[in-house]
1. Run down 153, 168 and say which single residue is within 27 Å of residue 69 (Cα to Cα), within 16 Å of the ligand (Cβ to nearest atom) and not assigned by TED's automatic domain parsing to the domain that holds residue 296.
2. With respect to residue 238, is the statement that it is out of contact with any Ser or Thr (no Cβ under 6 Å at 6 or more places or on another chain) and outside the structural domain of residue 331 (by TED's automatic domain parsing) true?
3. Select, from 360, 338, 333, the only residue that is touching a residue at least 60 places away in the same chain (Cβ under 8 Å), of a type outside the set (Lys, Arg) and in a loop (DSSP other than H, G, I, E, B).
4. Within the stretch 181-194, work out how many residues are farther than 24 Å from residue 121 by Cβ and either over 12 Å from the mean Cα position of the chain (by Cα) or crowded, with 24+ Cβ neighbours inside 10 Å (or both).
5. For the stretch 31-49, indicate whether the set of residues that are out of contact with any helix residue (DSSP H, G or I) (no Cβ under 9 Å at 6 or more places or on another chain), modelled with pLDDT of 95 or more, under 28 Å from residue 326 (Cα atoms) and of a type in the set (D, E, K, R) is non-empty.
6. Among the candidates 17, 13, single out the residue that is within 16 Å of the ligand (Cβ to nearest atom) and of a type outside the set (A, V, I, L, M).
7. For the stretch 66-89, indicate whether the set of residues that are in contact with a Ser or Thr (Cβ under 6 Å, 6 or more places away or on another chain), crowded, with 22+ Cβ neighbours inside 10 Å and over 12 Å from residue 193 (Cβ atoms) is non-empty.
8. Let me confirm something: among 324, 276, which residue is crowded, with 18+ Cβ neighbours inside 10 Å, within 24 Å of residue 128 (Cα to Cα) and touching a helix residue (DSSP H, G or I) at 6+ places or on another chain (Cβ under 8 Å)?
Amino acid sequence: MTAKRAFNFGAGPAAMPLEVLERIKSELSDYHGLGMSIMEMSHRSKTFEAVSERAAARFKKLTGLSEDFAILFLHGGATQQFSQIPMNFFEAGRPVDMVHSGHWTERAMKEMKPVAEVRVIASSEGKKFRELPLFSETDISDRASYLHYCSNNTIFGSQFKKFVFKKNVPTVIDMSSDVLSRNFAYNDFDLIFAGAQKNVGPSGLCVVAIRKSWAERGREDLAPFFQYRNQIQARSLYNTPNTFGIYMADLVFEWIENQGGIPAIEKRNEEKAALLYSHIDESSLFSGPVKKEDRSLMNVVFELQSPNPELEKKFLNEAESVGLIGLKGHRIAGGFRASIYNAVSKEAVVRLVEFMKDFAKKSK
Ligand code: PMP
């Protein structure tokens, strides 16, 4: 019997590639003839170490990150990075410069507050985060401990295409919801982090790519666990890591390679997003609130042209009844959101567009 698979548009934990899930199923109780699952073996075993090394090497190859970077698989999701980064790199009197583009930079600032001073250098809060904040290099202080971006705003549906940097100011980027989804100048940043549960693997795991020379400059008076240098030295095995998560990440990276790498994935992501946005733009029922140039290829936010809570509910219920799951917008943004991460097929998007067309016709 083939398994039932929903068309899953959830924002995260999100759809994972079916091929990867099937592979895990086939290897679950007996990994490569060893008589145990990957979860049941020592993280210090040769077998697991090879998985972890391979996952890091694949991530590096897919992203084109240079030898200057270490790839880490850490605990605590993306949220732990919000405070771990300033714990390592904030210097008194040198505020962190923040580009405030949505909920996840708000959350980052909340987590940073006990350990760092933060200066918002640009914000689109006044525009309800329906566009990206505008600023230039002169807005970034040359004394900033570092600059913080969120590349893709999962909740509000906007995504940076271009970045502004300042010479000698390290740049950090939260790529939780668009890592490995597009061609990207990964080497321009000093620390990239991404919670796994959208384009990488199970939640709880966080992929961190850090410039080794910057890690060395971090504070040494922190608990050793939180110092990136120790995690680098231990190759993500400082303590018992999320072994299952790393194993799955490796399989997802392999799946991306088999799809043709990031260029092929990006092309498909662009096609999926174009299908959906062009329908939203021509629809008589729906509209897209995000400024066109700033729209996200990963989280497509849309709403009814005239607010109607009853009709909204009806749309979600009917969608669910035909297997289109996870379309409710985040509670702070309202409306609808279709998250179309790497593992969401073009077929799923075609089905969604057909459903939206039929629904609009019926609702006239
Ligand atoms: N940053 C962004 C952009 C996110 O979308 C999320 C989760 N949706 C987070 C951070 C937080 O991730 P986690 O729950 O893994 O800590």
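1. On the way: 168 fails: within 16 Å of the ligand (Cβ to nearest atom).
Checking each option against the conditions leaves just 153.
2. Numbers: out of contact with any Ser or Thr (no Cβ under 6 Å at 6 or more places or on another chain): yes; outside the structural domain of residue 331 (by TED's automatic domain parsing): yes.
So residue 238 passes the test.
3. 333
4. Filtering the stretch 181-194 down to residues farther than 24 Å from residue 121 by Cβ leaves 181-183.
Next cut, either over 12 Å from the mean Cα position of the chain (by Cα) or crowded, with 24+ Cβ neighbours inside 10 Å (or both) only: 181, 183.
The qualifying residues number 2.
5. Filtering the stretch 31-49 down to residues out of contact with any helix residue (DSSP H, G or I) (no Cβ under 9 Å at 6 or more places or on another chain) leaves 33, 35-36, 44-46, 49.
Filter again for modelled with pLDDT of 95 or more, leaving 33, 35-36, 44-46, 49.
Going one step further and asking which of them are under 28 Å from residue 326 (Cα atoms), we end up with none.
Checking the stretch 31-49: not a single residue is out of contact with any helix residue (DSSP H, G or I) (no Cβ under 9 Å at 6 or more places or on another chain), modelled with pLDDT of 95 or more, under 28 Å from residue 326 (Cα atoms) and of a type in the set (D, E, K, R).
6. Working: 17 fails: within 16 Å of the ligand (Cβ to nearest atom).
Step by step, each of 17, 13 is checked, and only 13 is within 16 Å of the ligand (Cβ to nearest atom) and of a type outside the set (A, V, I, L, M).
7. Within the stretch 66-89, one or more residues are in contact with a Ser or Thr (Cβ under 6 Å, 6 or more places away or on another chain), crowded, with 22+ Cβ neighbours inside 10 Å and over 12 Å from residue 193 (Cβ atoms).
8. Testing whether each residue is crowded, with 18+ Cβ neighbours inside 10 Å, within 24 Å of residue 128 (Cα to Cα) and touching a helix residue (DSSP H, G or I) at 6+ places or on another chain (Cβ under 8 Å) leaves just 276.
The values are calculated or read from the model by the stated rules, or taken from the named source; none is laboratory data. Only a predicted model underlies this, so the values are computations on that prediction, with no experimental measurement involved. With ideal geometry, Cβ positions are generated from the backbone for all residues, glycine too; neighbour counts draw on all protein chains shown.
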